[in-house]
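Engineer: What follows is a single structure, and I will ask about it in a moment.
The values are calculated or read from the model by the stated rules, or taken from the named source; none is laboratory data. The shown structure was predicted, so the numbers you read here are calculated from the model rather than taken from an experiment. Reconstructed Cβ throughout: ideal geometry from the backbone, glycine too, with neighbour counts over all protein chains shown. These area figures cover heavy atoms from the full protein model, side chains too; ligands, DNA and RNA do not enter into them. Shrake-Rupley method; radii C 1.70, N 1.55, O 1.52, S 1.80 Å.
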Amino acid sequence: MSGVSVSGLVKAWGPVRALDGLTLDFPEGSFFGLLGPSGSGKTTLLRAIAGFVTPDAGTVRIGGQSVDGVPVERREIGMVFQSYALFPHMTVAGNLSFGLEVRRVPARERARRIDEALALVRLEGFGGRRPAELSGGQRQRVAMARAIVTRPRVLLLDEPLSALDRGLRTEMQIELRRIQREVGITAIFVTHDQEEALTLSDRIGILREGRLVREGPPRAVWDDPGDAFTARFLGAANLFTGTPEPGGLRLASGALLAGPPGRTTGCLAVRPEAMALSPVEPGAPNALPGRIAALVFAGATVTALVEAAGQQARVTGAPSAFEGLAEGQPVWLAWPPGRAAWVAPDRPGVATGK
Amino acid sequence: MSAAPLALSGRLWLGLMLVFLYAPILVMAAMSLNASPFYQLPFEASTRWYAKLWTNREILAAAWRSVWIALAVAAIATLIGSMAAIALWRHAVPGRRLLQALLFPPIAVPWLITGTAMLVFFFGIGLDRGSPAVILGHVALALPYVIVVVTARLQGFDPTLEEAARSLGARPLTVTLRITLPFLAPGIVAAALFAFAVSFDQFVVSYFLARPGDTTLPVLIYTAIRKGFTPEINAISTIVILVSMVLMLLVARLARFGGER
Amino acid sequence: MADRGERAATGRALAMLAPAYLWLLFAVFLPLAAMAWFSLLSDLPLRGREWHLTLANYRAFLDSPAYPALLWKSLRIAAVVTLLCLVAGFPCALVLARVIRGRSREALLLLVILPFWSNALVRVFSWTILLRPGGVLDAALSAVLPGEVRLGLAFTETAVVIGLVHSYVPYVILTAYLALQAIDQSLIEAARALGAGRLRILRRILLPLALPGLIAGAVLVFVPVAGSFMEPRLLGGRMGTTFGTVIEDQFVAVFNWPLGAALSFILLAVVLGILAAASPALRRSLG
């Protein structure tokens, strides 16, 4: 078990820089989620750590030692693939045995460790089955068992749950977390599903165009995304631009929005679920007059699109919070100052994902 | 529905076509079991022509030569053809499209032209006619088929299986031996049978490249037919077509050739 | 841009490709080139023989009325055989692709293709048994029809055509089947929903969409038939002299290799011209 760190990683595919000087630490024993839009370099980063991609510059360290020039098979990694990549011509036990045989583990020890790994993923007695005879969730568990049975130093997971349907995915998220904790291995996983990243990870890293834009515990990143891109990529966010003042943000319309204390730069991001609507002016410090452009019913929640301060804001909440409101109706938009976050504005000329 | 008569006449036509395709072969097989040497009816069953085959030295020698040439061709073509198919599939080789296009001429150019060209070239470099020349030519004809059959099998192979094996600590050679080759095995066996059949059934190229006197079975049959019938030719022809049909049935089974998926 | 690892991988790939392609170079492409050169020689370059470069072999083709006529005959036979194969084969492919379903379809398809992949020489030989005067076909027809029937097909151009259609019709069925099978069923359902009858669907949807496959099949029949010599020889007898048999004779009977090479090369030029003209259709249907 070891931590992983990468520094100054660069990888270009022709004119496209998949990794652009990326530096990041994956602490020992952590479950680290890499998140970003497609083309952000997250998969390239994972494959560079595995050794399938040779970086043009920079260093990958596993357990403090550089693994540059070390081929995949000698990096002592475990990897779970999006397609699981179970060997179809081998049984479940054969799949698990493969990595042990390659390491010349004696037969008795192999059998013991295979049983142990199958027990860990709760597939006792499935050793004799073929991958084709397993359900999606079972294949996922076998892939996990195969990756950890060799006791790798680090576990790499490439979109491990994306092939499962929704209900099973939630169940497997909990399972993955449990297995990782029990083994205590450093795990790095790539996902495009932000909810999955927030649920599973101790820490998440947001990648964009081959660079790290934000890193930290999920809650901290959620509450303080740091820049407009992260705020919008993770969940949704209403962004207000204007002139920062000591008291908050002065909008072009003249209204002053109070922000959280501390740094007062850039623009203010407010999550749709932090906002509330009321037909009359509330006595709160942050209140903007507006008009409901649309009400969208989505079962557990309702989202209102509100025209306010010259832009469209999204407000999400329980259906009961929208009772008595109708499209076209003038309303007041309000939120507690502590629920807003100062974020750096988009770099000009750069398209934002999502 | 107006569909029924159309569909029915279609099925009928297909049935007639099958009769057209198989009747001559079945007649030949039947005649090889007819006691009369002149295809005279009524039919009188006999296996004397088959028995006579065993005493015909020339036919036995040609049959043996055909078999070992086909074995050599199958071995060589399967080895180098599979290697080429794997390389073309695994790597973004520069000029891949051109390399694939180059497989077409050996199949598409009439064998008469290929065969005479080989004769001229081999003669020019001092190799001349004989079994080595026949093997050289047959391997070239079989290679495109081997590459096509193995490539078809490779299409179903998930390359992340190789990555998974490497992530589990296997060296590239181990990956090839334990993951890639076992998956490819049915395709490779089908390709080998195919190559064997291409060589075993090949007449035109052998005709130009074999040394008169040490010929292969099809060349011997051709010369025998032109000289005038001997009833043993019926018998040996029946055996030849049975062998080639059984081979192709095996290929079809292994490679699902021509069917869906 | 490629890093060291990628360059090494390309090197490995080229090493794996080399044996196959060197073999093809040595056994196919160099021979074809050698033949071009040989066709320009005045005589076999054997010890003690005088030879020089000349266009005489090509002039021989043009000067003699026989060679162009035989080339024309070969191309005409090839055209007739191709047409018959299309007419006879397309309905079979249509039935296989659109009427018959399930396992029997697969079995029937295999049954159709099987002869194609079995020994061509023996199959032609089997026709000689069937067609010879007083042979099985005559005997069978005499038994059914009144009187003594003599078809007299043996050693005629018709016999050659029959044998060649027998040899190549499975190829047309296979290529047409693959083309028809690839047509999306929903297109046909859409046409039916628009009120098109079966024949209109065949004419307006199936035929146009299967056309590249049909052209590919036609070319793959026409080309080898134009270069055939064994079938005309065995089934045509004296009537079976074609461009192919003349080339054969130059190599195995007359031993005028330079002339044979020139004639082969002329045939190759015709064949390549046809392949080039059909290459868009070939590319589309053979991918």
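Engineer: Compute a Gaussian network model of chain A, connecting alpha carbons closer than 10 Å, and tell me which residue from A:L251, A:L35, A:L118 fluctuates the most.
Structural biologist: A:L251
Engineer: Which helices, taking whole DSSP H runs in chain B, have alpha carbons extending 27 angstrom or more along the helix axis plus mean Kyte-Doolittle at least 0.5?
Structural biologist: B:3-32, B:57-90, B:131-155, B:181-201, B:231-255
Engineer: What FRET efficiency, computed as 1/(1 + (r/R0)^6) with R0 = 22 Å and r the Cβ-Cβ distance, is obtained for C:A269 and C:W51, rounded to the nearest 0.05?
Structural biologist: Efficiency, rounded to the nearest 0.05: 0.40.
Engineer: Once you place label points 7 Å from the Cα toward the Cβ at C:L211 and C:A196, how far apart are they in nm?
Structural biologist: About 1.3 nm, to one decimal.
Engineer: Once every Cα of region C:71-286 carries one equal point scatterer and solvent is ignored, give the base-10 log of I(q)/I(0) from the Debye formula at q = 0.08, 0.09, 0.12, 0.14 Å⁻¹, two decimals.
Structural biologist: For the requested q values the scattering log ratios are -0.37, -0.46, -0.76, -0.95.
Engineer: Taking the Cα centroid of region A:64-143 and of region B:17-92, what is the distance between the two, rounded to the nearest whole Å?
Structural biologist: 48 Å
Engineer: Still on this structure, I have one more. Given points 7 Å out from each Cα along the Cα-Cβ axis, report the A:E281 to C:R103 separation in nanometres with one decimal.
Structural biologist: Computed distance between label sites A:E281 and C:R103 equals 8.2 nm.
Engineer: Calculate the FRET efficiency for A:Q82 and C:L25 from the Cβ-Cβ distance with a Förster distance of 35 Å, rounded to the nearest 0.05.
Structural biologist: FRET efficiency, A:Q82 to C:L25: 0.25.
Engineer: Taking Rh as the Kirkwood radius computed over C-alpha pairs, what is the Stokes-Einstein D of the protein assembly as shown at 20 °C in a medium of viscosity 1.002 mPa s, expressed in µm² per second?
Structural biologist: For the chosen part, D equals 64 µm²/s.
Engineer: Here is a further query. Say each of B:L79 and A:R74 gets a label point 7 Å from the Cα, pointing the same way as Cα to Cβ; how far apart are those two points in nm?
Structural biologist: 3.0 nm
Engineer: Would you mind telling me which residue in C:A269, C:A18, C:A261 has the biggest mean-square fluctuation in a Gaussian network model of chain C, where springs connect alpha carbons within a distance under 10 angstrom?
Structural biologist: Its mean-square fluctuation being the largest, the pick is C:A18.
Engineer: Order C:W72, C:W127, B:W68, most accessible first, counting only protein heavy atoms with a 1.4 angstrom probe.
Structural biologist: Descending accessible area places them as C:W72, B:W68, C:W127.
Engineer: Test of understanding: in a Gaussian network model of chain A with alpha carbons linked when under 10 Å, which of A:G125, A:G94, A:G299 would top the mean-square fluctuation ranking?
Structural biologist: A:G299
Engineer: Need the full-extension length gain, B:R253 to B:F43, defined as separation in residues times 0.36 nm minus the C-alpha distance. One decimal, nm.
Structural biologist: Extra length from B:R253 to B:F43 when fully extended: 72.0 nm.
Engineer: Tell me the trypsin sites (Lys or Arg not before Pro) within region C:72-171 that lie in a loop according to DSSP and have at most 13 other beta-carbon atoms within 10 Å.
Structural biologist: Answer in residue order: C:R101, C:R150.
Engineer: Return the sequence-ordered ³J(HN,Hα) values of region C:87-100 in whole Hz as given by the Karplus equation 6.51 cos²θ - 1.76 cosθ + 1.60 applied to θ = phi - 60°, using x for Gly and Pro.
Structural biologist: Residue by residue, region C:87-100 yields 5, 7, x, 4, x, 4, 4, 4, 5, 5, 7, 10, 10, 7 Hz.
Engineer: Which order do the peptides A:315-326, C:248-259, B:108-119 come out in when sorted by mean C-beta neighbours inside 10 angstrom, highest first?
Structural biologist: So the order, starting with the most tightly packed, is B:108-119, C:248-259, A:315-326.
Engineer: So for region A:234-343, what percent of the C-alpha to C-alpha distances run longer than 20 Å?
Structural biologist: Cα-Cα pairs in region A:234-343 separated by more than 20 Å: 35 percent.
Engineer: Something else: Would you tell me the mean number of C-beta atoms belonging to other protein chains that fall within 10 Å of each C-beta in B:241-250, as a whole number?
Structural biologist: 4
Engineer: Any chance you could run the full-extension gain for C:A33 through C:R238? It's 0.36 nm times the residue separation minus the Cα-Cα distance, nm to one decimal.
Structural biologist: Result for the pair: 70.5 nm of gain on full extension.
Engineer: Moving on to the next point. Accessible area of A:M275, 1.4 Å probe, to the nearest 10 Å²?
Structural biologist: Surface accessible to solvent at A:M275 totals approximately 10 Å².
Engineer: In chain B, which longest range has no GluC sites (Glu not before Pro) that are both DSSP loop (not H, G, I, E or B) and surrounded by at most 16 other Cβ atoms within 10 Å?
Structural biologist: Here the longest run is B:45-259.
Engineer: Just subtract the alpha-carbon distance of B:T230 and B:L177 from 0.36 nm times their residue separation and send over the number in nm, one decimal.
Structural biologist: 14.0 nm
Engineer: Provide the solvent-accessible area of A:V102, counting protein heavy atoms only and rolling a 1.4 Å probe, rounded to the nearest 10 Å².
Structural biologist: My reading of the accessible area for A:V102 is about 40 Å².
Engineer: Mind ranking B:S237, A:S135 by accessible surface for me, highest first, 1.4 Å probe?
Structural biologist: From most accessible down to least: A:S135, B:S237.
Engineer: So, one more: When a/c is below 1.5 the answer is rounded, else prolate if a/b is larger than b/c, else oblate, so apply that to chain B with a ≥ b ≥ c taken from the square roots of the Cα gyration tensor eigenvalues.
Structural biologist: In terms of gyration-tensor shape, oblate.
Engineer: Considering only DSSP beta bridges with both partners in the protein assembly as shown, what is the antiparallel share in %, to the nearest 5?
Structural biologist: Around 75 percent antiparallel, to the nearest 5.
Engineer: Quote the Stokes-Einstein diffusion coefficient, in whole µm² s⁻¹, for region A:284-334, based on the Kirkwood radius over alpha carbon pairs, a temperature of 25 °C and a viscosity of 0.890 mPa s.
Structural biologist: 223 µm²/s
Engineer: Taking every residue in C:254-267, how many Cβ atoms of other protein chains lie within 10 Å of its Cβ, on average?
Structural biologist: That average works out to 2.
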